[in-house]
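This report refers to the structure that appears directly beneath it.
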Amino acid sequence: MPTELDNYLFDLRGYLIFENAVDAAHLAELNAALDRYQDLGPQQWRNNVHRADNFYANGTELQNIIEAGEPFERLIDHPAWIDHMREYCGEAGTFVDGLFIDESFATIRATGGFLPMHSGGHEAIVRTQYRHTRGRFHCGQVNLLVALNDIGPGDGATMIIPGSHHSSLPHPAFAHSFMERGAMDAVEGAVEMHLKAGDAMLFVDGIAHGSALRTNPGERRVAIYRYGGSWGATRRGYAYSDALLRRLTPERRKILQPIVPLRAPND
Ligand SMILES: O=C(O)CCC(=O)C(=O)O
């Protein structure tokens, strides 16, 4: 369960870091599973995993990575963060109690790669909002990023403006369009999130975030799962395959399909 300090720091900063959340054996399995998809070309599919690069400089993006094998399924309700997710965005204790993963993807970022700053409290978007009211968290979307290799200076780390989920004003850097904004390195107030392989970072999507420019050789590998309330819909329209839903434990299935479609008999 989240501690009082976790809750305080999540409220204050908008993110938490869990060190050594994923053990070395699991990490090796995740990387091996990812290796099997690295040859996918743009817009190609395999086993319901889709290579769909989202922004020209971001890197290779493998959408619906949850379908890339059992090691990725184990992340759905990982004990290092699942109770935090239930409390922060699972509407725990209400009639819509429950989680839903609306997007899962892996990003492989090579030299020259980056993601411009986006989001922030000033947008006031309900889907990604930070909200704590009457003793409970009711965030719209909380992300979980697992570092699949070490992420340090020059590696194209995620950058965040701590506390910006509370901000009513846009950072002046938002005056430039997303495509013109460049990497986040020069954004005043933004900090790089350096992680060791196996560390996990939880952050509310309504915080201003993006990434630094990768200047080092090699690649940065992360998996990102976005959690929200049980009533959500997948962000980009990916449908979880019947094979995946069938083989999951009931607890995991409920997070990918909290509301089972109800059809008239013989339909
Ligand atoms: O790739 C990154 O480091 C940032 C990811 C991100 O911006 C997001 O999950 O919305």
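Read-outs: derived from the displayed coordinates by stated rules, not from any lab. Because the structure is a prediction, the values reported are computed rather than measured. Counting neighbours? That spans all protein chains shown, and the Cβs are built from the backbone with ideal geometry, glycine included.
Of the residues THR128, LEU195, GLY112, the one whose Cα sits farthest towards the positive end of the charge dipole of the chain is THR128 (charges of +1 on Lys and Arg Cβ, -1 on Asp and Glu Cβ, taken about the Cα centre).
Pairwise alpha-carbon distances in region 216-257 exceed 12 Å for 70% of all pairs. Working note: Karplus 6.51/-1.76/1.60 with θ = phi - 60° gives region 250-258 the couplings x, 5, 6, 4, 5, 7, 8, 9, x Hz, where Gly and Pro are set to x. Sorting ILE125, ILE207 from the fewest to the most surrounding beta carbons within 10 angstrom yields ILE125, ILE207. For region 1-89, the Kirkwood estimate of hydrodynamic radius, built from reciprocal distances between every pair of different alpha carbons, is 15.1 Å. A simple charge model with +1 on the Cβ of Lys and Arg, -1 on the Cβ of Asp and Glu and nothing else charged puts the dipole of region 4-256 at about 560 debye relative to its Cα centre. Helical content of the chain, expressed as a calculated mean residue ellipticity at 222 nm, amounts to -4500 deg cm²/dmol (DSSP H runs of 4 or more residues, -39,500 (n - 2.57) each, divided by residue number, nearest 500). When the chain is treated as a Gaussian network with alpha carbon springs shorter than 10 Å, the biggest mean-square fluctuation among TYR15, TYR37, TYR56 belongs to TYR56. Calculated over region 4-256, the projected area of the Cα convex hull averaged across directions stands at 13.0 nm². Normalised by residue number, the volume inside the convex hull of the Cα atoms of region 51-160 is 140 Å³ per residue. Per-residue packing, averaged as other Cβ atoms within 10 Å, sorts the ranges 247-258, 149-160 into the order 149-160, 247-258, beginning with the highest. For the options ASP242, ASP205, ASP102, a Gaussian network treatment of the chain with springs between C-alpha atoms closer than 10 Å singles out ASP242 as fluctuating the most.
Among LEU195, LEU12, LEU145, the largest mean-square fluctuation in a Gaussian network model of the chain (Cα springs under 10 Å) belongs to LEU12.
Of the peptides 69-80, 178-189, the order by per-residue mean of other Cβ atoms within 10 Å, starting with the highest, comes out as 69-80, 178-189.
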